[in-house]
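Visitor: What follows is a single structure, and I will ask about it in a moment.
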Amino acid sequence: MSVRVRYAPSPTGLQHIGGVRTALFNYFYARAKGGQFILRIEDTDRERYNDESLQDLYDTLEWLGIDWDEGPGKGDYGPYVQSERFDLYQEYARKLLDDGKAYYCFCTAERLDAVREEQKKQKSKNQGYDRHCRDLDPAEALKRKEAGEPCVIRLKVPMEGKTTFHDEIMGDITRKNSDVSPDPVIVKTDGFPTYHLANVIDDHMMGITHIMRAQEWIPSGPLHVLLYQAFGWEAPRYCHLPLVMGKDGSKLSKRHGATSLRDFRLGGYLPEAIINYISLLGWSFDDSREFFSREDLEKLFTLEKLNKAPAVFDYRKLEWFNGHYIRQRDPESLKALLLPILQADGVVSDPVTDKEMAIFDGAFPLIRERLKLTTQVSEMIRFLFKEIESYTTADAVPKKMEASDVPGILDSCAALLDGFEARSDEENEKLFYDKAEELGIKMGQILQPLRVAVTGTNISPPLFESIRLLGAEKSEARIRALSEQIAKETL
RNA sequence: GUCUCCAUCGUCUAGGGGUUAGGACACCGGGUUUUCAUCCCGGCAACGGGGGUUCGAUUCCCCCUGGAGAUGCCA
């Protein structure tokens, strides 16, 4: 039988690392096995649902290059949006009711709160619903419901015995039925199913063969198996993925830093870096390989190499991958990524002028090696397009020298700018080297103030190329300006 | 509290009854270099504890400890 897996997010927030990891693994597994990857929208929580989250889901999958074989608007098992399957859930809930495997519950939120409160106070071993309505006469309950009394439907979880399910990573997991959540709600007051019901019905109806989801779902595994049994269906295979944690060891969340894919996208990360890094969170290939393209993973992904232990998300390693993939990009595609950033930051105009484009083209090879995030481009080459707003003069003072030494160096260098562009880099280098010797200082000591003058900072792309791109005339003006400023300050 | 799961360098991980316990990030040195970065070389650094089983356990079993997750009319 062909593998059918799904990613079933609920559009109640932005797509985050954990969800995307689940999506990716399901997708890779489907591809590696020649099966189907299904996208299903679980929008049964009408209160938290919002359109932007749904749009964000589509944007994210598109950005990552993940397409689905079946999903909204595509495939034969639809609809793939749970809110459009409302009647189906009603039908199956009724079936459970008729079979005496579920019951109406009229308990109010207030009563439930009170029960919980009391259990907490008494440190009772039994937590959760007290099964108050479990033994209501079904005919009587139906009458109350039809009279309009608000109610939910709860599953009758067996009070004895135990339930086992097999997990591809963890092995068999067994739980006493008395430890399973006592009679969870399967249909809410508003008539919508809860996750448990909708999920089980859909996975069965859509012919899902493997459920790959995060380990936080392990506790509801037995519950779901009980539901399959109640319907007389065979449960799919389970595969619970290790959780993604933050630095402090708790489940990754906003307080650990960026977690939404939108943050990463806007923050200058490349999809190939994200995919590569995320795929190594709880999965490995062998003892040394670390670079994987999406295409590689579509071939190589296996359940066997999945890990059990949770993984801490390391922003620094992601950044390292990102730098690697920036350098890996072909020049034209990288430029196409960088230009809009420069425009958005007001470094170049929109549309870009020919002159700006020429400078950008010249600067490109210099910054390519230096970028870790695409968004760093503006800061890195702003000095080529905009005047320097202010100098931090201390940056211009080389080690073991005084600020008062600097204007002299700058002035004698300014003189060398004459004819700079006509000379080769080697010739210029020799010229500055000789000047340094003449002044009795090191090359570095001469170049540092110069660098600050021309680029505005002592960390910059290579100086001579920068001068060439900026133009010798402008460079000289900046050198003289800084010289004057320091001279004034050291008076 | 209860239930369940997990446990190799700081982090991601490989490995598995006998290994100098391997790789990567980070960090620290060194080289290339006009700064930074890239690149190259080198270094630091781990089997949580206690019992078994065994000729031999980091590896298998048990206990402890630690961590996490779940305990919702959220998924």
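The values are calculated or read from the model by the stated rules, or taken from the named source; none is laboratory data. All figures in this text were calculated on a predicted structure; none of them were measured in a lab. Glycine gets a Cβ as well: all are built from the backbone with ideal geometry, and neighbour counts include every protein chain shown.
Visitor: Go through region A:237-347 and tell me which helices (runs of 4 or more DSSP H), entirely inside it, have 3 or more residues that are within 8 Å of RNA strand B (Cβ to nearest atom).
Guide: Result: A:315-328.
Visitor: List pairs: first in region A:34-52 and more than 18 Å from A:Leu24 (Cβ to Cβ), second in a loop (DSSP other than H, G, I, E, B) and charged (D, E, K, R), Cβ under 7 Å, 6+ apart or cross-chain?
Guide: A:Arg46/A:Asp190; A:Tyr49/A:Asp43
Visitor: Another question about this same structure. As an exercise: evaluate A:Ser250 against (1) of a type in the set (Ser, Thr, Tyr); (2) modelled with pLDDT under 95; (3) in contact with a strand residue (DSSP E or B) (Cβ under 9 Å, 6 or more places away or on another chain) and give the number of the one condition it does not meet.
Guide: (3)
Yes/no matrix, rows are residues, columns are (1) over 30 Å from A:Ser284 (Cα atoms); (2) in a helix (DSSP H, G or I); (3) within 13 Å of RNA strand B (Cβ to nearest atom):
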residue	(1), (2), (3)
A:Ser53	yes, yes, yes
A:Gly78	yes, no, no
A:Phe86	yes, yes, yes
A:Glu91	yes, yes, no
A:Arg94	yes, yes, no
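Visitor: Are any residues in region A:213-236 among the polar types (S, T, N, Q) and within 11 Å of RNA strand B (Cβ to nearest atom), and if so, which ones?
Guide: If the condition is that a residue be among the polar types (S, T, N, Q) and within 11 Å of RNA strand B (Cβ to nearest atom), then A:Gln215, A:Ser220 are the ones that fit.
Visitor: With the requirement that a residue be within 18 Å of A:Asp190 (Cβ to Cβ), basic (Lys, Arg) and assigned to a helix (DSSP H, G or I), what does region A:97-156 give you?
Guide: Passing the criteria: A:Arg144, A:Lys145.
Visitor: If you scan region A:359-379, which residues turn out to be of a type in the set (D, E, K, R), more than 19 Å from A:Val454 (Cβ to Cβ) and part of a loop (DSSP other than H, G, I, E, B)?
Guide: A:Glu369, A:Lys372
Visitor: Could you identify the single residue in A:Tyr391, A:Tyr325 that is over 20 Å from A:Val454 (Cβ atoms) and out of contact with any strand residue (DSSP E or B) (no Cβ under 7 Å at 6 or more places or on another chain)?
Guide: It is A:Tyr325.
Visitor: Then there's this: Which residue pairs have Cβ atoms closer than 9 Å, lie 6 or more positions apart in sequence or on different chains, and pair a first residue in region A:343-359 that is over 11 Å from A:Leu469 (Cα atoms) with a second residue that is among the acidic types (Asp, Glu) and assigned to a loop (DSSP other than H, G, I, E, B)?
Guide: A:Gln343/A:Asp350; A:Ala344/A:Asp350
Visitor: Please determine, by comparing only the residues of region A:223-246 that are out of contact with any helix residue (DSSP H, G or I) (no Cβ under 8 Å at 6 or more places or on another chain) and within 19 Å of A:Leu197 (Cα to Cα), which one is surrounded by the most Cβ atoms within 10 Å (Cβ to Cβ).
Guide: A:Val225
Visitor: From (1) surrounded by fewer than 18 Cβ atoms within 10 Å (Cβ to Cβ); (2) assigned to a loop (DSSP other than H, G, I, E, B); (3) touching a residue at least 24 places away in the same chain (Cβ under 8 Å); (4) not aliphatic (A, V, I, L, M), pick out the condition that doesn't hold for A:Asp183.
Guide: Condition not satisfied by A:Asp183: (1).
Visitor: Restricting the search to region A:126-156, which residues are away from RNA strand B (no atom under 12 Å from the Cβ) and of a type in the set (A, V, I, L, M, F, W, C)?
Guide: Selection gives A:Leu136, A:Ala139, A:Ala141, A:Leu142, A:Ala147.
Visitor: Now, a different point. Specify the residue that is nearest to A:Tyr80 (Cα to Cα); the eligible residues are those in region A:159-201 that are among the β-branched types (Val, Ile, Thr) and more than 7 Å from RNA strand B (Cβ to nearest atom).
Guide: A:Ile201
Visitor: Here's something else I'd like to know. Checking A:His204 against (1) surrounded by fewer than 19 Cβ atoms within 10 Å (Cβ to Cβ); (2) more than 9 Å from RNA strand B (Cβ to nearest atom); (3) over 30 Å from the mean Cα position of the chain (by Cα): exactly one of these is not met. Which one?
Guide: Status for A:His204: all satisfied but (3).
Visitor: Please go through region A:455-487 and give me each residue that is free of Cβ contacts under 8 Å to residues at least 24 places away in the same chain, under 44 Å from the mean Cα position of the chain (by Cα) and within 17 Å of A:Ala414 (Cβ to Cβ), ordered by number.
Guide: Within region A:455-487, A:Leu463, A:Lys474 qualify.
Visitor: Might you check whether a residue that is acidic (Asp, Glu), within 24 Å of A:Ser181 (Cα to Cα), exposed (fewer than 14 other Cβ atoms within 10 Å of the Cβ) and in contact with a helix residue (DSSP H, G or I) (Cβ under 9 Å, 6 or more places away or on another chain) occurs anywhere in region A:99-113?
Guide: Yes, region A:99-113 has at least one match.
Visitor: How many residues are crowded, with 17+ Cβ neighbours inside 10 Å and either more than 37 Å from the chain's Cα centre (by Cα) or of a type in the set (Ser, Thr, Tyr) (or both) if we restrict to region A:158-180?
Guide: Adding up the residues that qualify gives 1.
Let's see how each residue does on (1) surrounded by fewer than 21 Cβ atoms within 10 Å (Cβ to Cβ); (2) assigned to a helix (DSSP H, G or I):
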{"site": "A:Ser2", "(1), (2)": "yes, no"}
{"site": "A:Gly13", "(1), (2)": "yes, no"}
{"site": "A:Val20", "(1), (2)": "no, yes"}
{"site": "A:Tyr27", "(1), (2)": "no, yes"}
{"site": "A:Phe37", "(1), (2)": "no, no"}
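Visitor: A:Ser178 passes all but one of (1) of a type outside the set (A, V, I, L, M, F, W, C); (2) at pLDDT 95 or above; (3) assigned to a helix (DSSP H, G or I); which number fails?
Guide: Result: A:Ser178 passes all but (2).
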